[in-house]
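Presented below is the structure to which this report refers.
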Amino acid sequence: MSTPTRADSVRDRIVSAAKAEFSQHGIAGARIDRIAKAAKTSKERVYAYFSSKVALYRFVSAQELTAVAEATRLDPTDLPGYAGRLHDYFTGHPDRFRLMSWGQFELDAGDSLPHDAFRESVARKIAQIREAQEAGQLDAHWDPVDILVLVHQIATAWAAQPDLLPPSGHDRATFLVARRAAIVAAVERLFPAAANREVPSSSARSS
């Protein structure tokens, strides 16, 4: 394994500091001087790597978008399971949920969060859902966009309500287990996993 160069180390520290700064303060409230200080470098060095604060946000949120996709793995034949994984990821990493949310609140539609990476991710997931519908593994009466948005809204419901969660500890863990079960059940009602779907009888299909 190659040893990271000093330049790579500085860049990595900037990215790590930026994630913490954007998560806590959003885009408008984030300060490059604080990011530079936390990264043990200069503002000039930050701008040498990233042309602007928004460019830096776009980079770190694109990284997080990839991390979410890898950790949660969309399976259109098992949307209840996918919803449970999303719930686990974002309630377990509330800072990352805030990081992603700021872009939706603060950036213009033409410069969304980050525009290209986010849209490409959504397009891939919609294509997966459509393929499952065409294969008879998912209800084809739904628009794939609605399926994706509804599942995400249900799955992240409690990540978006941190003030309603108990303090950390056993009570919080028990509470979140119950909330996860409710999320999985709700998505199962709307979009049953392929293994649990009722297959229409031949007479019903021919009617």
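The values are calculated or read from the model by the stated rules, or taken from the named source; none is laboratory data. Computed from a predicted model, the values in this text were never measured in an experiment. Glycine gets a Cβ as well: all are built from the backbone with ideal geometry, and neighbour counts include every protein chain shown. When the accessible area is computed, the model is the full protein with side chains, heavy atoms only, and any ligands, DNA or RNA have been set aside. Shrake-Rupley method; radii C 1.70, N 1.55, O 1.52, S 1.80 Å.
Express the carbon and sulfur contribution to the solvent-accessible surface of the chain as a percent, rounded to the nearest whole number, probe 1.4 angstrom.
Ligands and nucleic acids excluded, carbon and sulfur reach 53 percent.
Quick check for me: using +1 on Lys/Arg Cβ and -1 on Asp/Glu Cβ, what's the dipole size of the chain about its Cα centre, in debye to the nearest 20?
Value, rounded to 20: 800 debye.
How high is the FRET efficiency between ALA173 and LYS40 when r is their beta carbon distance and R₀ equals 41 Å, given to the nearest 0.05?
Step by step, r from the Cβ atoms, then E = 0.70.
Got a sec? What order do PHE105, PHE59 fall in by accessible area at 1.4 Å, biggest, i.e. largest, first?
Correct descending sequence by accessible area is PHE105, PHE59.
What relative contact order, as a whole-number percentage, does the chain give when Cα pairs under 8 Å and 6 or more residues apart are counted?
Reported as a whole number, the value is 24 percent.
Gain in length, ASP33 to VAL149, computed as 0.36 nm per residue apart minus the alpha-carbon separation, to one decimal in nm?
38.1 nm
Run the reach check for LYS53 against lysines, Cα to Cα strictly under 26 Å, same-chain hits fewer than 8 apart removed. What comes back?
LYS19, LYS37, LYS40, LYS43
Between LYS37, LYS125, LYS19, where does the largest GNM mean-square fluctuation fall for the chain, given springs only between Cα atoms within less than 10 Å?
Per the Cα network of the chain with a 10 Å cutoff, LYS37 tops the list.
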